[in-house]
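The values are calculated or read from the model by the stated rules, or taken from the named source; none is laboratory data. Bear in mind the structure is a predicted one, so any value in this text is a computation, not a measurement. Every residue, glycine as well, gets a Cβ built from its backbone with ideal geometry; the counts of neighbours run over all protein chains shown. Surface areas here come from the heavy atoms of the whole protein model, side chains and all, with no ligands, DNA or RNA. Shrake-Rupley method; radii C 1.70, N 1.55, O 1.52, S 1.80 Å.
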Amino acid sequence: MIRLNNIHKSYEMGSSSLHVLKGIDLHIEQGDFVSIMGSSGSGKSTLLNILGMLDNYDNGTYHLSGNLIANMSEKKAAKLRNEMVGFVFQSFNLISFKNAMENVALPLYYKGVPRKKRNLIALEYLDKLGLKEWANHMPNEMSGGQKQRVAIARALISQPKIILADEPTGALDSANSYEVMDILREINDDGITVIIVTHEHDIAAMTSQIIRLNDGRIHEIIRNGELKQFQKEYIHGLETA
Amino acid sequence: MFDIDIWQEILATIKKNKMRTFLTGFSVAWGIFMLMILLGSGNGLSNGVAANFMNDAVNAMWIWNGETTIAYEGMKTGRPISFQNQDQDIVSKVSGVGASSGRYFMGNTRYSYGKESGEYTTITCQPALRDVENLILNEGRFINQIDILQNRKIVVIGTDIKTALFKDSTALGEYVNINMVPFKVVGICSEPGSTRNRNAYMPLSTAQMIFNGSNKIHNLALTINASTLEESQAIEEQIRTALGKKHKFDPKDEGAIGLYNKLENYIQTMKIFQAIKIFIWIIGIGTLIAGIVGVSNIMLIVVKERTKEIGIRKAIGASPSSVIGLILLESIMITTIAGYIGLVLGTGLMEMINYFMMQSAVPATDQSETIFMNPTVDINIAVYSTLLLIIAGAFAGYIPAKRAASIKPIVALRDE
């Protein structure tokens, strides 16, 4: 599904350049539920952006469903994003002057689905996430948890293969965070690959695979079986902290 | 690109961003509105003044006799010059001179018909005077060549004379006594742009014969064919030289003969108006540029303000061209509608002023001098300037829109 081979990425910061990713090799299968962890500046968001084709990389290869993602035109990248990937952001990134239903329907607009049909589908998705009554509300009339659910509905509506979530619970309280994680879990159960970036251990612990980044490199990959061990470590970490 | 969806998308955006839309629209509408008013006023002013000139033929020239002020060929100054019939032939032989008419002044003359009588000015002339003074014939005919040749005792009277002497009865074919000599009325005329029509016109030859003028004329009225100031001045010079040769005065002597060249005056005034027009255009273009800058400014802000939205749209699958299209179409739509509103309001206001001026002008129809007339704008200019503003607005929007569309979505999303 996703195959990264020796990915390098650096940012120009004026005269100096910041080497953010220093050779990432990664293999994620269809249907995985992965979290990417790491301290700030470890390159986790950059990695997610490269996975989502929001950003390009300097060196290495990135294959998505067998296609090499490199030097694509903006147009082709946009089309691929539309078809393959759904994004969920920490700050929700809803369009403020559109109501919930219109926000959810927007990806279908770029797919060329007629207005009535896409609004109907959007309502369906909002219903799935328990927000049917809020369809005609503007984003600023909704709570953070509701906004994030709208954003998830928007990510799902184009039936992507992958959901990429950048700190999806970062702006939410714990109750809402767990709710969002439950939703992502359900999505994953339907066979969609879910990759989240988080720095919260309890959130990461709900995924089936944790990739820990440290200073632009993969520090360790904790798989399902080892999660218990991770949780122990996490509690230990809490105690020592 | 022109499917109904994109329009719905744009309409939804406009509806949710009323202030932004209003500001963009207002600067466009205001620019066009001011331009229309400026151009309209300029046109009104120049139309008004041009119309005043039209009261006489614009290429008219009058020559009258005077006294020499420069000693010439041994003769001292102060010698009076007088014109005879031959002088008219001399002048009309000068190239560039069109129709000409000699005039003999009779002073005030008493007109009587039945019990009515009055003092009026009699202008003795030849048929060509009608062209020089743009006389309007209300009834009958003007003096013709046969009248001149046969010294016919006929007269063309002004409308005021007709009203005073004949009241409501017909004047044509009747005989009026002029200084006790009966003349047949053959026409009734009026002068354009004048409320006083107290002049009567009589054949020059008849007047010379009856009222003891022999072959004297006092004044020559003529039209000249010249299109530039230089040409008309050359004709003036030739006339002075020709008459100077005959009457033995220095062609440079301004006093020997008087000469009024209306064309020269007209050309000079029109030059002033051309300058005013250029000035108005400069201001108008300035206004237009201000409008364009306003639109560009707002478009820059709009794109800046929408950077994040653009990022979101791109993240969920909008192609760069669809982003540019969205912003451009929105700006074109706003500028077009606003430009049209400004156009309608501006031309509407000028047409309204025009209408009220026409209305109020009715009671005093030929009220002599109006300096403001028909203050309207050529519709082509109006449409072209609106188009220019729309194109400029689109262009102004295109550059930032293109840049915004080429920003990586990740950068746009980070923009707070």
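Looking across the stretch A:67-77 at every residue that is open to solvent by 60 Å² or more (accessible area, probe 1.4 Å) and over 20 Å from B:Ile316 (Cβ atoms), the one that is nearest to the other protein chains (Cβ to nearest Cβ) is identified as A:Asn71. I'd like to check something: does the stretch B:284-297 contain any residue that is open to solvent by less than 80 Å² (accessible area, probe 1.4 Å), under 22 Å from B:Ala401 (Cα atoms), in contact with an Asp or Glu (Cβ under 8 Å, 6 or more places away or on another chain) and assigned to a helix (DSSP H, G or I)? Within the stretch B:284-297, not a single residue is open to solvent by less than 80 Å² (accessible area, probe 1.4 Å), under 22 Å from B:Ala401 (Cα atoms), in contact with an Asp or Glu (Cβ under 8 Å, 6 or more places away or on another chain) and assigned to a helix (DSSP H, G or I).
Any chance you could count how many residues in the stretch B:138-169 are open to solvent by 40 Å² or more (accessible area, probe 1.4 Å) and not in a loop (DSSP other than H, G, I, E, B)?
Summing the residues that are open to solvent by 40 Å² or more (accessible area, probe 1.4 Å) and not in a loop (DSSP other than H, G, I, E, B) in the stretch B:138-169 gives 8.
For the stretch B:67-77, the criterion of being crowded, with 16+ Cβ neighbours inside 10 Å and in contact with a strand residue (DSSP E or B) (Cβ under 6 Å, 6 or more places away or on another chain) is met by none of the residues. Taken together, the criteria exclude B:Gly325 from residues that are within 14 Å of chain A (Cβ to nearest Cβ) and assigned to a loop (DSSP other than H, G, I, E, B). Which one is most open to solvent (accessible area, probe 1.4 Å), of the residues in the stretch B:182-212 that are among the basic types (Lys, Arg) and part of a loop (DSSP other than H, G, I, E, B)? The extreme case among them is B:Arg196.
The residue that is modelled with the lowest pLDDT, among those in the stretch B:349-382 that are over 18 Å from B:Gly42 (Cβ atoms) and outside any loop (DSSP other than H, G, I, E, B), is B:Ala361.
Looking at B:Ile224, is it of a type in the set (A, V, I, L, M) and more than 30 Å from B:Met373 (Cα to Cα)? No.
Only one of the listed residues (B:Lys216, B:Lys248, B:Lys167, B:Lys162) is among the basic types (Lys, Arg) and closer than 16 Å to B:Ile63 by Cβ. That residue is B:Lys216. Taking B:Asn297 as the residue in question, decide whether it is farther than 30 Å from B:Leu388 by Cβ, more than 14 Å from every other protein chain (Cβ to nearest Cβ) and polar (S, T, N, Q). No; evaluated as a whole, the condition is false for this residue. Only one of the numbered conditions (1) of a type in the set (A, V, I, L, M, F, W, C); (2) open to solvent by 10 Å² or more (accessible area, probe 1.4 Å); (3) touching a helix residue (DSSP H, G or I) at 6+ places or on another chain (Cβ under 8 Å) is violated by B:Val91, and that is (2). Return a yes/no flag: does the stretch B:241-255 have any residue that is among the hydroxyl-bearing types (Ser, Thr, Tyr), free of Cβ contacts under 8 Å to residues at least 40 places away in the same chain and out of contact with any Asp or Glu (no Cβ under 9 Å at 6 or more places or on another chain). Yes - at least one qualifying residue is present in the stretch B:241-255. Quick check on the stretch B:8-46: of everything there that is open to solvent by 40 Å² or more (accessible area, probe 1.4 Å) and modelled with pLDDT under 80, which residue is nearest to the other protein chains (Cβ to nearest Cβ)? Result: B:Lys16. Count of the stretch B:230-266 residues, restricted to those that are within 25 Å of the chain's Cα centre (by Cα), farther than 22 Å from B:Asp131 by Cβ and hydrophobic (A, V, I, L, M, F, W, C), is 0.
Yes or no, residue by residue, for (1) charged (D, E, K, R); (2) without any contact (Cβ under 8 Å) to a residue 40 or more places away in the chain:
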{"residue": "B:Glu73", "(1), (2)": "yes, no"}
{"residue": "B:Ile90", "(1), (2)": "no, no"}
{"residue": "B:Gly96", "(1), (2)": "no, no"}
{"residue": "B:Arg103", "(1), (2)": "yes, no"}
{"residue": "B:Ile154", "(1), (2)": "no, no"}
{"residue": "B:Phe166", "(1), (2)": "no, no"}
{"residue": "B:Ser169", "(1), (2)": "no, yes"}
{"residue": "B:Gly173", "(1), (2)": "no, yes"}
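For the stretch B:36-44, the count of residues that are in contact (Cβ under 8 Å) with a residue 60 or more places away in the chain, among the β-branched types (Val, Ile, Thr) and farther than 26 Å from B:Leu343 by Cβ is zero. Against the criterion of being within 24 Å of the chain's Cα centre (by Cα) and surrounded by fewer than 19 Cβ atoms within 10 Å (Cβ to Cβ), B:Phe53 qualifies.
Taking helices (runs of 4 or more DSSP H) as the structural unit, those lying wholly within the stretch A:128-216 and holding at least 1 residues that are within 14 Å of chain B (Cβ to nearest Cβ) and touching a Gly at 6+ places or on another chain (Cβ under 7 Å) correspond to A:144-157.
For A:Lys44, indicate whether it is under 18 Å from A:Ala165 (Cβ atoms) and within 14 Å of chain B (Cβ to nearest Cβ). Yes. Flag set for A:Glu102, criterion: closer than 30 Å to A:Asp55 by Cα and either surrounded by fewer than 20 Cβ atoms within 10 Å (Cβ to Cβ) or in contact (Cβ under 8 Å) with a residue 12 or more places away in the chain (or both).
Does at least one position in the stretch B:70-78 carry a residue that is in contact with a Leu (Cβ under 6 Å, 6 or more places away or on another chain) and in the same structural domain as B:Asp253 (by TED's automatic domain parsing)? So far as the stretch B:70-78 goes, no, none of its residues is in contact with a Leu (Cβ under 6 Å, 6 or more places away or on another chain) and in the same structural domain as B:Asp253 (by TED's automatic domain parsing).
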